[in-house]
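The values are calculated or read from the model by the stated rules, or taken from the named source; none is laboratory data. None of these values were measured; they are calculated from a predicted model. Glycine also receives a Cβ, built like all others from the backbone with ideal geometry; neighbour counts cover every protein chain displayed. Side chains are part of the model used for accessible areas, which takes the heavy atoms of the whole protein and leaves out ligands, DNA and RNA. Shrake-Rupley method; radii C 1.70, N 1.55, O 1.52, S 1.80 Å.
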Amino acid sequence: MKIAIAGTGYVGLVTGVCMAYHHHHVTCVDVDTEKIGLMRQGIPPIFEPGLTELMAESSDNLEFTSDYKEAYRDAEVIFIGVGTPEKKDGSANLSHVFEVVRQIAETVEHDCVIVVKSTVPIGTNDKVEKALRDNLVHPVKINVVSNPEFLAQGSAVHDTLHASRIVIGAEEKEAGEIIQRVYEKFDAPKLLTNRRSAEMIKYASNDFLALKISYINEIANLCEIVGADIEDVAKGMGYDGRIGSKFLNAGIGYGGSCFPKDTKALHWLGNYYDYEIKTVKAAIEANENQKLKIIKKAHKYYESFSGLTVAVLGLTFKPGTDDLREAPSLVSIPILLDDGAKVKVWDPAGSRNFQKIYPVEIVYCDMIEEALKGADLCLIFTEWEEVKFLQADDFKMHMKKPVVIDGRNCYSLDTFENTGVLYDSIGRRTVK
Ligand code: UGA
């Protein structure tokens, strides 16, 4: 099928490449000409395992352009995968989506199905369809289908090719069937529903996962107070199939471009309809507190950070990505800097982006040892494999004072028993 994709971020580009891999003819559109230039050379503008290889393998079916007219004019299906960032009031900013809608209405010359993949508030697909029909320049038949995306950064290619489910929200049977055909070669359960349910499935899923994380984080905080161990508690809970063991890793809060935005957007939407969704509100508040946890812990050992050398391991909101959006490190590092600490960081992917925000205030290290050297304190924000691989001796050998605060529970407590390293983690006893 001839497919056009608007937006080449995580959702748009990965969807496009996977569709091309499954033999559709795909044209990816982006306003950013620099990104288009890179992609034409086979270089993805995002850091995503397996994407470069799949782009190369599918290159015969893949085109990139910033000329939307060329792409939309005779497409059979157009996916909208542009960003829906958070507005100041917590609601979703739909200006990119409606800009694409305007371009499609102006351009399409054949009947086609428009698929909204971007995460949008419930009811948006109806508005998209109305805006299209009101503004179509050529007399064609269009239908709008909601098809939310469930890929996670760092495993986006795998999550798309082996999706947990494909949700297709259509108001007209024929449009739903066309999109089912698009996904024919994707081996995943397919759920056909109406548009509003599809839109809700996306928010309900993300917010449930955010809630699960905030819940385990709060249980972890209580474990510290009552002397329980969160790793055992989560394990014991996870054996229950109704609860499941995934997304029960306690830490310093969720970040990324999705959970923080989607929890706030659903809460905003509830309020808009005069229905406050209290559980989601609690998840948001708990997460904001949790992001400060590493600094609160550090204050147990140092009243002030002034004059201290602090080693920071990991900056990104999770491993396997260079994305810093809503990362807990962005909340804590400014506090260290304001207090007069010398901050040395190591992150295999995120340093370049962090350097755009703090070009000179921070020392960026290529090696973990370099960051640890002479440090009075080590803070772990991201569970990169290289970090998990460290031993007590690595901290002891290089740091001035081996005080390690692990925001992602990278090690078993045994690693630090009788080593002279002070190890404080989340929801567990401190090893001294
Ligand atoms: C998330 C969802 O997992 C995807 O299903 C969804 O499609 C995506 O949002 C989206 O809406 O586009 P992502 O933000 O890439 O994906 O990352 P996750 O792996 O879900 O992690 C989010 C945050 O939760 C990270 O900061 C991670 O450290 C944290 N987390 C995750 C925990 O603190 N504990 C856990 O047990 C799991």
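Considering only DSSP beta bridges with both partners in the chain, what is the antiparallel share in %, to the nearest 5?
Of the beta bridges lying entirely in the chain, close to 5 percent run antiparallel.
Anyone know which of Ile357, Ile142, Ile36 comes out most mobile in the 10 Å Cα GNM of the chain?
Ile357
Only helical DSSP H runs with n ≥ 4 go in: add -39500 (n - 2.57) per run for the chain, normalise by residue count and round the 222 nm mean residue ellipticity to 500 deg cm²/dmol.
Calculated mean residue ellipticity at 222 nm is -12500 deg cm²/dmol.
For helix 195-226, report the angle its Cα long axis makes with the longest principal axis of the Cα atoms of the chain; keep it between 0 and 90° and round to the nearest 10°.
10 degrees
Between Phe186 and Glu171, what is the label-to-label distance in nm when each label sits 7 Å out along the Cα-to-Cβ direction?
2.3 nm
So which trypsin sites (Lys or Arg not before Pro) in the range 76-166 end up in coil per DSSP with only 11 or fewer other C-beta atoms within 10 Å?
Lys88
Positive end of the charge dipole of the range 123-264 (Lys, Arg +1 and Asp, Glu -1 on Cβ, about the Cα centre): tell me which of Gly255, Leu211, Leu192 has its Cα farthest that way.
Leu192
Given contacts defined as C-alpha pairs under 8 Å and at least six residues apart, what's the relative contact order of the chain, whole-number percent?
It rounds to 11 percent for the chain.
What is the angle, in °, between the Cα long axis of helix 329-338 and the longest principal axis of the Cα atoms in the chain? Nearest 10 is fine, range 0 to 90.
So the helix axis and the longest Cα principal axis differ by about 50 degrees.
For Lys432, put the label point 7 Å out on the Cα→Cβ axis and report which residues of the range 400-424 keep their amide N under 15 Å from it.
Only 402-404, 417-424 pass the distance filter.
Counting Lys and Arg as +1 and Asp and Glu as -1, what is the net charge of the other residues whose Cβ lies under 12 Å from the Cβ of Tyr203?
Computed value for this residue: +1.
Under the definition of Cα pairs under 8 Å and six or more residues apart, what whole-number percent is the relative contact order of the range 324-432?
The normalised contact order for the range 324-432 reaches 19 percent.
Just in the range 370-431: which GluC sites (Glu not before Pro) are loop by DSSP and have at most 13 other Cβ atoms within 10 Å?
Filter output for the range 370-431: Glu417.
Relative contact order of the range 258-362: what whole-number percent is it, with Cα pairs under 8 angstrom and at least 6 residues apart?
24 percent.
Among Met200, Met39, Met237, which one shows the highest mean-square fluctuation when the chain is modelled as a Gaussian network with alpha-carbon springs under 10 Å?
So, out of Met200, Met39, Met237, the one fluctuating most is Met237.
Quick one: Cα centre-to-centre distance for the range 290-330 and the range 1-35, in angstrom?
Each part reduced to its Cα centre gives a spacing of 36 Å.
What net charge do the residues around Asn125 carry, taking every other residue with its C-beta under 9 Å from that of Asn125, with Lys and Arg at +1 and Asp and Glu at -1?
-1
Count the net charge of all other residues whose Cβ sits under 10 Å from the Cβ of Ile426, scoring Lys and Arg as +1 and Asp and Glu as -1.
Its environment carries a net charge of 0.
When the solvent-accessible surface of protein heavy atoms is calculated with a 1.4 angstrom probe, in what order do Ile405, Ile201 fall, highest first?
From most exposed to least exposed: Ile201, Ile405.
How many nm is it between the label spots at Arg352 and Asn135, if each spot is 7 Å from the Cα in line with the beta carbon?
It works out to 3.5 nm between the two label points.
Which order do the peptides 216-227, 24-35 take when ranked by the mean count of other beta-carbon atoms within 10 Å per residue, highest first?
24-35, 216-227
What's the longest bit of the chain with no exposed chymotrypsin sites (Phe, Trp or Tyr not before Pro), using DSSP loop states and at most 11 other Cβ atoms within 10 Å as the test?
1-238
Can you sort Met55, Met367 by solvent-accessible area, 1.4 Å probe, largest first?
My answer, sorted largest first, is Met367, Met55.
How large is the accessible surface of Ser118 in square angstrom, using a 1.4 angstrom probe and rounding to the nearest 10?
10 Å²
Over the range 45-192, with the other protein chains present, what is the accessible area per residue in square angstrom, probe 1.4 angstrom?
45 Å²
Stokes-Einstein D for the range 68-184 at 4 °C, 1.567 mPa s, Kirkwood Rh over Cα pairs, in µm²/s?
The estimated diffusion coefficient comes to 87 µm²/s.
Provide Asp394, Asp274, Asp89 ordered by accessible surface of protein heavy atoms (probe 1.4 Å), highest first.
Accessible-area ranking of Asp394, Asp274, Asp89, largest first: Asp274, Asp89, Asp394.
Please report, to one decimal in angstroms, the Kirkwood hydrodynamic radius of the range 391-432 built from all distinct Cα-Cα pairs.
This gives a value of 10.2 Å.
To the nearest 10 Å², what's Leu62's accessible area with a 1.4 Å probe?
Only protein atoms counted, so the area is about 20 Å².
Using a Gaussian network model of the chain with C-alpha springs under 10 Å, which one of Glu199, Glu70, Glu149 is most mobile by mean-square fluctuation?
Glu70
If each residue of separation counts as 0.36 nm, what is the full-extension length gain between Ser66 and Lys278 once their alpha-carbon separation is subtracted?
Taking 0.36 nm per residue and subtracting the Cα distance, the gain is 72.0 nm.
Give, rounded to the nearest 20 debye, the magnitude of the charge dipole that the chain has about its Cα centre when Lys and Arg contribute +1 at Cβ and Asp and Glu contribute -1 at Cβ.
Charge dipole, the chain, about its Cα centre: 860 debye, nearest 20.
Determine the dipole magnitude for the range 197-290: charges of +1 sit on the beta-carbon of Lys and Arg, -1 on that of Asp and Glu, nothing else is charged, the reference point is the Cα centre, and the result goes in debye to the nearest 20.
The dipole of the range 197-290 has a size of about 280 debye.
Along the positive direction of the dipole of the chain (beta-carbon charges: Lys, Arg +1; Asp, Glu -1; about the Cα centre), which of Asn135, Asn147, Leu390 reaches farthest?
Leu390
Largest first and in whole Å, give the semi-axes of the chain's equivalent ellipsoid, each being the square root of 5 times a Cα gyration tensor eigenvalue.
Semi-axis lengths for the chain are 43, 24, 19 Å.
Roughly what angle does helix 173-182 make with the longest principal axis of the chain, taking Cα atoms, 0 to 90 degrees, to the nearest 10?
Its long axis makes an angle of about 60 degrees.
To the nearest 10 square angstrom, what accessible area does Cys365 show with a 1.4 Å probe?
Taking all protein chains as shown, Cys365 has close to 10 Å².
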